[in-house]
């Protein structure tokens with residue numbers, strides 16, 4: 001009856017498979033976050049440091065919605081509607097912060113959005129226990145379990161599948177948007193706001209649109225994340241997460257879709273692999289947070305536009321092949 | 001009551017001002033929001049902490065309150081110098097290479113440096129907060145007579161089951177004990193001929209000192225920037241770097257010096273912070289750093305008097321607004337929201353008056 | 001005194017100067033004329049070290065200075081009064097002039113320079129404590145030249161001193177430039193769009209087009225040259 005029943009998802013997972021599914025799910029989430037931040041920072045060339053705020057809004061929006069309607073609705077529609085609701089909440093948040101702030105210059109916008117992200121976290125932390133759970137967090141009814149119970153599909157495998165379907169959809173949507181008239185208008189505004197304005201493009205509308213769309217995707221990531229985790233706490237959505245998302249975008253190359261997913265995989269894999277190691281695993285594990293930051297600084301110094309720049313990995317591959325072919329014919 | 005909150009606010013505001021000064025100076029000259037500035041403040045606070053903990057100037061035997069003042073004097077200089085040198089190093093290694101790569105790259109580098117310093121601090125000094133040690137006043141055992149006026153302690157070293165050597169304070173004489181020959185002999189038997197009492201600094205007197213320090217620093221900075229050759233070069237370079245180079249001004253040197261002075265003052269703020277709040281931790285710089293940036297924006301970024309006024313306004317607002325919300329409007333949790341209030345304040349200022357109170361309108365360089 | 005040989009300069013990947021060669025002898029006033037975007041300002045910026053040549057040689061008093069940092073080049077006696085004046089508007093007039101003497105560490109020598117500049121431009125003395133931003137365009141130009149003169153340069157680079165200034169003040173400024181050469185013995189390389197005035201003042205002139213020198217001659221000869229007349233003096 002659902003997508004899950006058509007897919008071979010009913011796999012028995014060993015502990016190893018368990019770990020891998022967890023990694024892959026997080027890769028999907030961070031890819032969604034990275035792709036949406038990429039829309040703001042890579043394509044629209046605005047500088048947002050508040051993406052973790054929209055992520056949190058989505059997660060809490062979905063959690064709240066699910067709690068409210070749990071028991072009144074079957075699992076699948078509730079899951080879908082909570083996702084839509086979460087996107088709506090994050091989009092409204094994006095609109096509220098975007099409208100006044102998007103006219104700010106680059107670094108001022110960064111600070112304003114950072115302030116916004118922190119306000120969201122503090123607000124959740126101080127929320128009444130019965131509304132959003134306060135600092136203790138919020139338990140989300142596992143509505144997806146309704147599905148997995150019926151179909152015998154593994155919960156994690158299903159979530160990974162959902163995650164990657166969403167990543168593919170988002171990538172496809174961004175690609176199409178960039179090639180549409182609206183998207184090109186956005187790129188024009190990013191290049192030169194004044195010149196674009198003279199061409200009759202409304203720069204504010206173009207920016208707000210990109211910002212709201214990106215917020216909605218971050219909200220969606222939050223919703224799926226909340227359903228997967230089962231319990232969410234405000235501290236998960238801290239500024240370090242923002243830096244992580246940013247690192248993924250920069251590592252993958254500002255404006256590169258495949259680079260973003262690749263970078264998300266790299267980062268999450270290393271992080272989870274280190275987490276698996278015993279506590280006394282040594283220098284690399286202890287200093288991982290330091291290395292994170294160091295990588296970011298080194299990247300900015302040596303490759304401020306990302307490892308591959310704005311190119312897709314397929315382009316890089318093609319260029320490399322061309323180079324090799326040239327070398328071979330020269331030899 | 002209200003006056004207490006006002007004093008709290010001014011004390012906090014003075015600390016914000018100390019941090020905001022560096023933010024504003026650096027922004028003025030290279031248009032970089034130096035995110036890592038809060039970490040210079042944090043490192044300053046740690047250096048101050050170690051000085052106050054380990055200097056042991058009390059043992060020299062000077063009359064009170066000279067040892068405490070000397071402690072702070074040394075701590076201030078050490079904290080400021082270390083913070084300043086760290087800033088110069090950071091600028092040279094991380095910021096200078098990206099200065100031409102655009103402001104976004106520079107800001108992201110700054111975010112990275114900030115995290116890097118935080119996490120190095122976690123690795124080196126541990127993630128747990130450390131409490132600021134109360135200053136001690138030493139007394140020779142023979143000088144104490146009659147009824148004890150305070151609790152007296154001595155440090156004893158012992159070895160833990162893990163084989164570590166730990167120093168621990170032992171309470172030898174409680175307040176009210178009668179110090180007769182037997183008491184004295186029993187202490188001497190334990191191997192001590194001097195004991196100390198702990199002096200708790202009253203938060204209020206510390207706040208006065210912090211505010212006084214700010215008042216003391218203001219004319220120094222004013223003189224430095226307005227009157228000295230280097231200060232004029234700084235102002236010239238912040239307005240037009242190319243024109244400044246045509247005068248023979250070495251921009252790199254001026255930028256390094258700006259970082260040094262800014263972080264030096266943040267170091268003062270760091271010592272003021274531990275003296276006021278009594279503890280240090282690696283994440284200490286993040287929030288005050290952000291708020292100091294808010295303060296710099298309120299005052300008008302690039303303006304030195306603006307940073308001081310902005311810092312004081314923000315400090316007072318942070319103390320008074322939740323107080324008013326709680327007392328007048330009956331909102332019980334107002335204090336838990338004070339950080340959110342500060343950030344909301346930031347967004348409003350950025351949107352409504354991005355040039356701040358004393359800032360000049362920004363000229364976009366084409 | 002100053003020799004540029006085959007200098008190439010780029011903005012990113014765009015070549016702005018193509019093998020530019022010019023020569024300025026001691027005591028001369030040489031002018032570089034050409035239309036907007038021809039490369040006049042780039043030439044001056046390259047001489048004063050704000051830009052680096054990718055090829056070619058720049059020698060000043062027999063010493064290679066191409067690619068050296070701007071602050072080092074000033075120290076060797078080249079002062080540059082840049083296009084658009086670029087005075088420090090937040091600093092007072094006096095402070096602007098102090099900046100001009102930044103490399104003069106001897107206080108009495110700096111004082112002497114200040115007196116000299118005040119004699120050249122008495123208006124600056126009247127406005128000494130005003131901030132630079134409050135001056136009129138002409139006064140700002142005087143300040144820019146005065147500031148450059150503070151370092152007692154052997155060679156003065158002047159970029160468009162007549163730009164955006166009332167004609168009556170332009171006359172005054174050109175008289176003062178002549179005076180600087182006569183009384184201070186300063187060699188001058190002048191870039192101007194107002195070719196007529198520049199050629200009347202100068203000894204020799206170069207015509208620059210899209211980054212190349214296309215013509216060079218005595219100033220008087222250039223003034224009479226029909227091609228130059230048509231293109232720049234029309």
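Derivation of every value follows stated rules applied to the coordinates shown; laboratory data play no part. The model shown is predicted, which means the values in this text are computed figures rather than measured ones. Heads up, the Cβs are rebuilt from the backbone with ideal geometry, glycines too, and the neighbour counts pull from every protein chain shown.
Can you give the FRET efficiency for residue A:105 and residue A:202, using 1/(1 + (r/R0)^6), R0 = 30 Å, r = Cβ-Cβ distance, to the nearest 0.05?
Plugging the Cβ-Cβ distance into 1/(1 + (r/R0)^6) gives 0.95.
Take the alpha-carbon centre of the stretch A:74-93, take the same for the stretch C:155-178, and report the distance between them in whole Å.
69
With the alpha-carbon atoms as the only input, what is the per residue convex hull volume for the stretch A:60-125 in Å³?
Measuring per residue, one finds 79 Å³ for the Cα hull of the stretch A:60-125.
Using Cα springs under 10 Å in a Gaussian network model of chain B, which residue among B:290, B:171, B:52 shows the largest mean-square fluctuation?
For chain B, modelled as a Gaussian network with Cα springs under 10 Å, the answer is B:171.
Averaging the inverse of every distinct alpha carbon separation and then flipping it gives the Kirkwood radius. What is it for the stretch C:2-233, in angstrom units?
17.8 Å is the Kirkwood radius here.
Expected output is a single nm value to one decimal: the length gained when fully extending between residue A:326 and residue A:192, i.e. 0.36 nm times separation in residues minus the C-alpha distance. What is it?
Contour length minus the Cα-Cα distance gives 44.5 nm.
Output the antiparallel fraction of DSSP beta bridges having both residues in the protein assembly as shown, as a percent to the nearest 5.
Around 70 percent antiparallel, to the nearest 5.
Where does each of C:200-209, B:310-319 land if you order them by average Cβ count within 10 Å, highest first?
Final packing ranking: B:310-319, C:200-209.
How far apart, in nanometres, would the label points at residue B:329 and residue B:69 be if each is projected 7 angstrom from Cα along the Cα-to-Cβ direction?
Here the answer is 4.5 nm between the modelled labels.
Do me a favour and compute the ellipsoid semi-axes for the stretch B:38-178 from its Cα gyration tensor, root of five times each eigenvalue, largest one first, whole Å.
Taking √(5λ) for each eigenvalue gives 43, 18, 11 Å, largest first.
Let me know the mean shielding of C:80-92 by other chains, meaning the per-residue number of their Cβ atoms within 10 Å of its Cβ.
Taking all residues of C:80-92 together, the mean is 4.
Looking at the stretch B:136-198, what % of the alpha carbon pairs are farther apart than 15 Å?
The proportion of pairs with Cα distances above 15 Å equals 50 percent.
For the stretch A:199-331, count all C-alpha to C-alpha pairs, find those more than 18 Å apart, and express that count as a whole percent of the total.
Across the stretch A:199-331, Cα pairs with separations above 18 Å total 70 percent.
Going by Cα centres, the stretch C:6-39 and the stretch B:51-75 are how many Å apart?
66
If I fit a long axis through the Cα atoms of helix B:229-239 and take the longest principal axis of the Cα atoms of chain B, what angle between them do I get, 0 to 90°, rounded to 10?
Roughly 50 degrees, rounded to the nearest 10.
How crowded by other chains is B:344-350, given as the mean number of beta carbons from other chains within 10 Å of each beta carbon?
5
Per residue, how much space in cubic angstrom lies within the convex hull of the C-alpha atoms of the stretch B:204-337?
Considering the Cα atoms of the stretch B:204-337, their hull volume per residue is 125 Å³.
For a distance above 39 Å, tell me the whole-number percent of Cα pairs in chain B that qualify.
Within chain B, distances greater than 39 Å cover 26 percent of Cα pairs.
Which order do the peptides A:47-60, B:252-265, B:82-95, A:130-143 come out in when sorted by mean C-beta neighbours inside 10 angstrom, highest first?
Ranked by mean Cβ neighbours within 10 Å, highest first: A:47-60, B:252-265, B:82-95, A:130-143.
Could you tell me the extents of the protein assembly as shown's C-alpha atoms along the three principal axes, largest first, rounded to whole Å?
Ordered largest first, the protein assembly as shown gives principal extents of 102, 91, 66 Å.
Relative contact order of chain A, please, whole-number percent, based on alpha carbon pairs below 8 angstrom and at least 6 residues apart.
Once normalised by length, the contact order is 30 percent.
With 10 angstrom as the radius, rank A:83, B:51 by how many other C-beta atoms surround their C-beta, starting from the fewest.
B:51, A:83
What does the convex hull of the alpha-carbon atoms of the stretch B:88-239 project to on average, in nm²?
With every direction weighted equally, the projected area is 16.3 nm².
Using only helices, what value at 222 nm comes out for chain C when you add -39,500 (n - 2.57) per DSSP H run of length 4 or more and divide by the total residues, to the nearest 500 deg cm²/dmol?
-10500 deg cm²/dmol
Kindly work out what percent of the DSSP beta bridges joining two residues of the stretch C:2-233 are antiparallel, to the nearest 5.
Around 55 percent of the beta bridges assigned by DSSP in the stretch C:2-233 are antiparallel ones.
Spin-label point model (7 Å from Cα, Cβ direction): what's the residue A:266 to residue A:283 distance in nm?
Spacing of the two 7 Å Cα→Cβ label points: 2.2 nm.
What is the calculated FRET efficiency for residue A:181 to residue A:81, with r their C-beta to C-beta distance and R₀ = 22 Å, to the nearest 0.05?
FRET efficiency, residue A:181 to residue A:81: 0.10.
Distance between Cα centroids, the stretch B:101-151 to the stretch A:194-254: provide it in whole Å.
36
To test your reading of the geometry: what angle, between 0 and 90 degrees and rounded to tens, separates the Cα axis of helix B:37-54 from the longest principal axis of chain B?
Orientation of helix B:37-54: about 20 degrees from the principal axis.
Say each of residue A:92 and residue A:313 gets a label point 7 Å from the Cα, pointing the same way as Cα to Cβ; how far apart are those two points in nm?
Taking the simple label geometry, residue A:92 and residue A:313 are separated by 3.8 nm.
For the stretch B:14-70, what log10 I(q)/I(0) values come out of the Debye formula at q = 0.23, 0.31 1/Å, with one point per alpha carbon and no solvent?
-0.87, -1.15
What value in Å³ per residue do you get for the convex hull of the alpha-carbon atoms in chain A?
For chain A, the hull spanned by Cα atoms encloses 181 Å³ per residue.
Going by how many other Cβ atoms sit within 10 Å of their own, how do B:283, A:300 line up, fewest first?
Going from sparsest to densest Cβ surroundings: B:283, A:300.
For residue B:348 and residue B:181, what is the calculated FRET efficiency with R₀ set at 56 Å and r taken between the beta-carbons, to the nearest 0.05?
0.20
Across peptide A:316-322, what mean number of C-beta atoms from other chains lies inside 10 Å of a residue's C-beta?
The per-residue average across the peptide is 0.
Quick check on the exposure proxy: order A:149, C:45 from fewest to most C-beta atoms within 10 angstrom.
Fewest-to-most ranking of A:149, C:45: A:149, C:45.
Output the Cα-based Rg and Dmax of the stretch C:67-173 in Å, rounding Rg to one decimal and Dmax to a whole number.
Values for the stretch C:67-173 (Cα only, Rg and Dmax): 13.1, 39 Å.
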